[in-house]
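The values are calculated or read from the model by the stated rules, or taken from the named source; none is laboratory data. All of these numbers come straight from a predicted model, not from anything done at the bench. Note that each Cβ is placed from the backbone with ideal geometry, even for glycine, and that neighbours are counted across all protein chains shown.
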Amino acid sequence: MTIKEGIRRVQSEFFGFHVELSSGYKVIGDSFKETEKCGLREITYVDVKEPWLSIRKNSSYKEIMKIGMRRIQEHGLQHREASRLYTKKPNCNVNNGNFVNVGLRESYLVFIIFGIGVVLSMMIIILETLKHKYLDKEV
């Protein structure tokens, strides 16, 4: 089963799917709606924090490698490369997640009410100018 097929089944059915997180997050970010992202849960299968480096026992390079790996982690190079290589988990924006497209059909009544308001205001201003022109001159 491909990643896209598995993620599609997770989206539409009650289905669990095992996939590498970065690949799954990319497909989820592309295909899921904002509200659907909030319902996802992940189960940690193997939690590997740091890479392991195999080296021969009592090797003279052991301390050099340990210092080098620690410096890479302290300077943030490991985090930077991991964030560039792996896709992060998609954010769940519940408040901003429900977007509805509004077209002319949905806003037709608003335009009608606006047009009626414009016509009424024009009629009122014409009546006011006529009143001011003819009735206020006599006083």
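Consider segment 24-50. How many of its residues are touching a helix residue (DSSP H, G or I) at 6+ places or on another chain (Cβ under 8 Å) and either farther than 19 Å from residue 4 by Cα or among the basic types (Lys, Arg) (or both)?
2
Looking at residue 37, is it surrounded by 10 or more Cβ atoms within 10 Å (Cβ to Cβ), touching a Pro at 6+ places or on another chain (Cβ under 7 Å) and of a type in the set (D, E, K, R)? Walk me through how you get there before you give the answer.
Working: surrounded by 10 or more Cβ atoms within 10 Å (Cβ to Cβ): yes; touching a Pro at 6+ places or on another chain (Cβ under 7 Å): yes; of a type in the set (D, E, K, R): yes.
When the stated conditions are applied, residue 37 passes them.
Please specify each residue of segment 14-31 satisfying the condition of being part of a loop (DSSP other than H, G, I, E, B), among the aromatic types (Phe, Trp, Tyr) and surrounded by 12 or more Cβ atoms within 10 Å (Cβ to Cβ).
Keep residues of segment 14-31 that are part of a loop (DSSP other than H, G, I, E, B), which gives 14-20.
Checking which are among the aromatic types (Phe, Trp, Tyr) leaves us with 14-15, 17.
Passing the criteria: only 17.
Restricting the search to segment 46-66, which residues are modelled with pLDDT under 85 and either aliphatic (A, V, I, L, M) or within 39 Å of the chain's Cα centre (by Cα) (or both)?
Result: 46, 47, 48, 49, 50, 51, 52, 53, 55.
Here's the yes/no breakdown for (1) at pLDDT 80 or above; (2) under 39 Å from the mean Cα position of the chain (by Cα); (3) surrounded by 10 or more Cβ atoms within 10 Å (Cβ to Cβ); (4) part of a helix (DSSP H, G or I):
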position	(1), (2), (3), (4)
68	yes, yes, yes, yes
80	yes, yes, yes, yes
87	no, yes, yes, no
97	no, yes, yes, no
106	yes, yes, yes, no
125	yes, no, yes, yes
134	yes, no, no, yes
139	no, no, no, no
